[in-house]
Every structure is written in structure tokens, then in C-alpha cells.
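Visitor: This is the structure I have questions about; it appears just below.
Where a number appears in this text, it was derived from the coordinates with a stated rule and is not lab data. What you see is a predicted model; the values in this text were computed from it and never measured. Cβ: placed from backbone, ideal geometry, glycine included. Neighbour counts: every protein chain shown.
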Amino acid sequence: MFHIGDIEIKNKVVLAPMAGVCNSAFRLTVKEFGAGLVCAEMVSDKAILFKNAKTMNMLYIDEREKPLSLQIFGGEKETLVEAAKFVDKHTTADIIDINMGCPVPKITKCDAGAKWLLDPNKIYDMVSAVASEVDKPVTVKMRIGWDDEHIFAVDNARAVEAAGGKAIALHGRTRVQMYEGTANWDIIKEVKQSVGIPVMGNGDVQTPQDAKRMLDETGVDGVMIGRAALGNPWMIYRTVQYLEHGKLIDEPSVRDKMDVCKLHLDRLIALKGENVAVREMRKHAAWYLKGTRGNATVRNSVNDCNTRNDMVSLLDEFVLEIEAKQQSNAQAG
Ligand SMILES: Cc1cc2nc3c(=O)[nH]c(=O)nc-3n(C[C@H](O)[C@H](O)[C@H](O)COP(=O)(O)O)c2cc1C
């Protein structure tokens, strides 16, 4: 357990913010698998102030997901502060997170995301401006630096703390690395030792054992898990169990996986309507199917699904096919 401001986080396992993925449908599902904290996908400060319907829907929170961290991004103080004030007053998010790690050029060219990493003074200025205007705890998610020549992780983290930030999530890659190479856990450790506020370590936690290793090696307060949870909320459950009880739980059966995939689909339909949800769910279904034996054909076919019925029938047929194979193998054996 740890605290972010006055918000209690019941365990050390945190779902990372992921654009196009971490909406309420996925977050609630991951929460039910035991995550201590779930993070929402990033939302643009300007889009919040513009208040278009799509952006307002992105701010939807189901009370069962809480505690929840809602991430905003922007490159200008005025709009970021105003957006934070809106989130503070008009949502039930528990934490306001500022994105200072996004490496995508579309974002960094607006001085947002990872662009912040080049200037600890600017970070101090921005975080203090936001923190002084809102009641909810403010946190920052950052990368270790811009490139190998500009790794200001310790200075940046100290700036966040001095400005009143209540926690830091640190992805152990530079902006230039994007998602390549390996995450540098040594710098995560250095940052943890340099600040008094909680640090969540992030990057390359693919198994429950990785999570334990990150905690042991860096001393961070929490592990933030991103890609390993895609189509795989069991990763969160298995990690919590491993950290708390030292037990490595078996991987789920194909039927269990597809049941949760269908639950996720129905939640996404409730959130976005069938048309949009089924299209968005194609990538998730492929992730849920990943790692199951004999999935090549069905993984292709999900891309042609246009309705709930199409997708559910396809997944159900796949389960029956796999179970029949397992049964005949067992009989033959
Ligand atoms: C599809 C996708 C979307 C992402 N969107 C965001 C985002 O909105 N905000 C953010 O701070 N990081 C975002 N990230 C970065 C992740 O939060 C995380 O830092 C990164 O994936 C490394 O962690 P991992 O190795 O556990 O995946 C995204 C990553 C992925 C794969």
C-alpha cells in the first residue's frame, strides 16, 4: 500500500495510461482484476476547454474504477491550468496527472509531452501553477530524458516534488528511444532515492517476476504496467498475487480469456455504441487471442467483424474448436 497525497493505493500494481485503450470499459475490467490504481488515457487540455462531446466522454468515470488518475497534456501553462481546474471540479477522478513523457512528434511539437523533460525550471513552474489551483493531488508521468545527452530525470523529479507534485511515474526510456531498446531501471532507482514522494517505476514489466525484480532492484513504491496488460488483465491479477503471496497463478483458459474479452466488448458498447465499440474492440480481441494456440485465423477474422454478434460468434466458435481439440488430445493421450 502507498499514498498519493491523501489517496490510498491498496497495492503496488498500477495500470499505465494508454491512449486509445484506457477508457472506462478497460479500466474497470482491469480494476476488477485487482489493480491498486488505474490511469486514464491522456486527454488534451485544449480539447477539454473546447468541451466537445467526444472529449467529455473521455472524462467518463465509473465509480467502481476508483481510485483513478486522469491524465492531461498540453504545452502552455494557461490552458493546462484551466483544463486541470475543469477536471478538478467536474470529474470524480482522484488524481490529476500531467503527461511529460509522450514521445509522439504531434505532441512534442506543441511543447507538450516529453518536450517538458528538457527544462526542470519549466516543469517546476507548470506543476506549481497547476497544483496551486486544484484540490486533487497532482502527479507527473515522465520519461528519463529527451535523449542520451539530456537525461535530467533527477532534476526533473526534484522539480516536481518542490512544486507540490504528489507522485511521479517514471518510464525508464528517453524520448528518442520511443519504445525501442530497454528501460533503464538504474535511473528509476536513482530518482527514487532523490525524492521523498512516491515513485512508480515503468517500462518492460512483462511478467509478475519482472514486477518483483523492479521493486527489489529500484525500491519504487509501485510498478506501472502497460503493454503486458493489453488483452491480459490477468497480468495484473497474477502480479498482485505474486507480490502479496509469492504465488504464481496459472495462465487463464481460452474460455476464461474469451469471456473477459466479451465482457470488455459489452462495456465498450455501453460506452461508445456498437458501431464504434466493435471497431475499437478488434485490436483488443487480437490481444486477448495472442498467445492462445491456433489463433492465426481467428485473429485475422476479428478485423472483419462489424457487429457484436459477429464478434461474439467468432470468439465462441474459437473456444469450442479449441476445447474440442483439447478433449480429443486428452482422449488420444
Ligand atoms: C498504446 C499505448 C498508448 C499509450 N498512451 C499513453 C498515454 O496516453 N499517456 C502516457 O503517459 N503514456 C502512454 N503510453 C506509455 C505507457 O503508459 C508506458 O509508459 C509504456 O508503454 C511503457 O510501459 P510498458 O513497458 O509496461 O508498456 C502508451 C503506450 C502504449 C503502448
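Visitor: In degrees between 0 and 90, to the nearest 10, how far off the longest principal axis of the chain does helix 274-289 point, with axes built from Cα atoms?
Guide: So the inclination is approximately 80 degrees.
Visitor: Which residue, Ala324, Gly291, Asn303, has the largest displacement toward the positive end of the dipole of region 254-332 when charges sit on each Cβ (Lys, Arg +1; Asp, Glu -1)?
Guide: Final value for the positive-end residue is Gly291.
Visitor: Could I ask something else about it? Below 8 Å, C-alpha to C-alpha, sequence gap of six or more: please give me the relative contact order for the chain in percent.
Guide: Relative contact order for the chain comes out at 13 percent.
Visitor: Hey, fewest Cβ within 10 Å first, where do Arg267, Arg143, Arg238 land in order?
Guide: Lowest to highest Cβ neighbour count: Arg267, Arg238, Arg143.
Visitor: Let me ask you something else. Could you give the length gained by full extension between Asp125 and Thr307, i.e. 0.36 nm per residue of separation minus their alpha carbon distance, to one decimal place?
Guide: That works out to 60.7 nm of additional length.
Visitor: Using only Cα atoms, locate the centre of region 286-330 and the centre of region 228-268, then give the distance between them in Å, rounded to an integer.
Guide: 17
Visitor: Enter the Cα centre distance for the pair region 1-55 and region 78-133, rounded to the nearest angstrom.
Guide: 15
Visitor: Taking every pair of distinct Cα atoms and averaging 1/r, then inverting, what Kirkwood hydrodynamic radius in Å comes out for the chain?
Guide: 20.5
Visitor: Treating the angle as unsigned and between 0 and 90°, give the value, to the nearest 10°, between the Cα long axis of helix 234-245 and the longest Cα principal axis of the chain.
Guide: Once rounded, one gets 70 degrees.
Visitor: Assuming 0.36 nm per residue, please report the length gained on full extension of the stretch Asp111 to Asp6 beyond their Cα-Cα distance.
Guide: 34.7 nm
Visitor: In percent, how large is the relative contact order of region 83-238, given Cα pairs closer than 8 Å and 6 or more residues apart?
Guide: 17
Visitor: Which of rounded, prolate or oblate describes region 254-332 when judged by the alpha-carbon gyration tensor and an a/c cut-off of 1.5?
Guide: Prolate shape, in that a/c is at least 1.5 and a/b is the bigger ratio.
Visitor: Any idea what the relative contact order of region 150-217 is, in percent, if you count C-alpha pairs under 8 Å spaced at least 6 apart?
Guide: Relative contact order, region 150-217: 35 percent.
Visitor: Can you list the HN-Hα couplings for region 259-270, worked out from phi with the Karplus curve (6.51, -1.76, 1.60; θ = phi - 60°), rounded to whole Hz and with x for Gly and Pro?
Guide: 4, 6, 4, 5, 4, 4, 4, 5, 5, 5, 5, 4
Visitor: Measure nothing fancy, just the Cα-based angle from helix 308-332's long axis to the longest principal axis of the chain, in degrees from 0 to 90, nearest 10.
Guide: Its long axis makes an angle of about 60 degrees.
Visitor: Provide the FRET efficiency to the nearest 0.05 for the Lys247-Leu49 pair, computing r from the beta carbons and using R0 = 56 Å.
Guide: The calculated FRET efficiency here is 0.75.
Visitor: Exposure proxy check: Ser253, Ser24, Ser69 ranked by fewest other beta carbons within 10 Å?
Guide: Ser253, Ser24, Ser69
Visitor: Sorting Asp62, Asp147, Asp216 on the 10 Å Cβ count, fewest up front, what's the list?
Guide: Exposure proxy ranking, most exposed first: Asp216, Asp147, Asp62.
Visitor: Same structure, new question: Looking at the chain as a GNM with Cα springs under 10 Å, which of Met224, Met42, Met311 has the largest mean-square fluctuation?
Guide: Among Met224, Met42, Met311, the largest GNM mean-square fluctuation belongs to Met311.
Visitor: Quote the FRET efficiency, to the nearest 0.05, computed for Gln331 versus Thr182 with a Förster distance R0 of 51 Å and r equal to the Cβ-Cβ distance.
Guide: It comes to 0.70.
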